[in-house]
Amino acid sequence: VDGDGLPAEFEITGGEVNDCSAAPQLIAKLPIVADKGYDSEFIRDQIVKKGTKAVIPRKCNSTKGNTDMDWGLYRYRHLVENVFARIKQYRTVATRYGRLERNFESMVAMACGYLWLPM
């Protein structure tokens with residue numbers, strides 16, 4: 001999601017796939033502001049290698065804490081959640097009636113395209 005709250009890139013995975021498993025494909029494409037589901041040292045190292053800053057709050061069981069967290073930048077995380085809500089307004093995306101991944105990916109891409117259209 002870009003700074004205007006419009007989708008820029010997405011990755012389709014199964015419902016049982018952990019966020020950390022899909023993150024490396026997306027890290028290679030965009031700067032990262034993520035939620036606690038992406039909190040792992042592997043992902044943080046990938047982001048640093050890319051040359052950007054990891055804006056990811058640590059999980060409650062972390063021993064390192066959030067002292068280096070940029071909360072000013074993290075407040076834009078709601079833009080991502082708003083995009084999820086707007087995309088799920090389309091019934092085929094919200095319920096995933098289609099069985100094939102390529103069909104579902106096409107519907108998500110179409111929903112993202114509609115978000116880019118001027119209202």
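The values are calculated or read from the model by the stated rules, or taken from the named source; none is laboratory data. Remember, predicted model here, so these are calculated numbers, not experimental data. Cβ sites come from the backbone with ideal geometry, for glycine too, and all protein chains shown count toward neighbours.
A compact table of results
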item	result
Yes/no for Glu16 being acidic (Asp, Glu) and either at pLDDT 80 or above or touching a Cys at 6+ places or on another chain (Cβ under 8 Å) (or both)	no
Residue in the range 49-72 that is in contact with a Ser or Thr (Cβ under 8 Å, 6 or more places away or on another chain), of a type in the set (A, V, I, L, M) and touching a residue at least 24 places away in the same chain (Cβ under 8 Å) present	no
Elements of type helices (runs of 4 or more DSSP H) contained in the range 1-114, each with 2 or more residues being among the polar types (S, T, N, Q) and surrounded by fewer than 16 Cβ atoms within 10 Å (Cβ to Cβ)	19-27, 91-95
Residue pairs meeting the criteria (Cβ under 9 Å; at least 6 apart or on separate chains; first closer than 16 Å to Arg91 by Cβ and in contact (Cβ under 8 Å) with a residue 12 or more places away in the chain, in the range 103-119; second basic (Lys, Arg) and part of a loop (DSSP other than H, G, I, E, B))	Phe104/Arg96; Met107/Arg96; Ala111/Lys88
Test set (1) touching a Ser or Thr at 6+ places or on another chain (Cβ under 7 Å); (2) closer than 26 Å to Leu117 by Cα - Ala34 fails condition number	(1)
Members of the range 52-87 that are in contact with a helix residue (DSSP H, G or I) (Cβ under 8 Å, 6 or more places away or on another chain), of a type in the set (D, E, K, R) and closer than 17 Å to Asp35 by Cβ	Lys53, Arg58, Lys59
Tabulated pairs, the range 1-27, first of a type in the set (Ser, Thr, Tyr), second in a loop (DSSP other than H, G, I, E, B), C-beta under 8 angstrom, 6+ apart or interchain	Ser21/Thr13
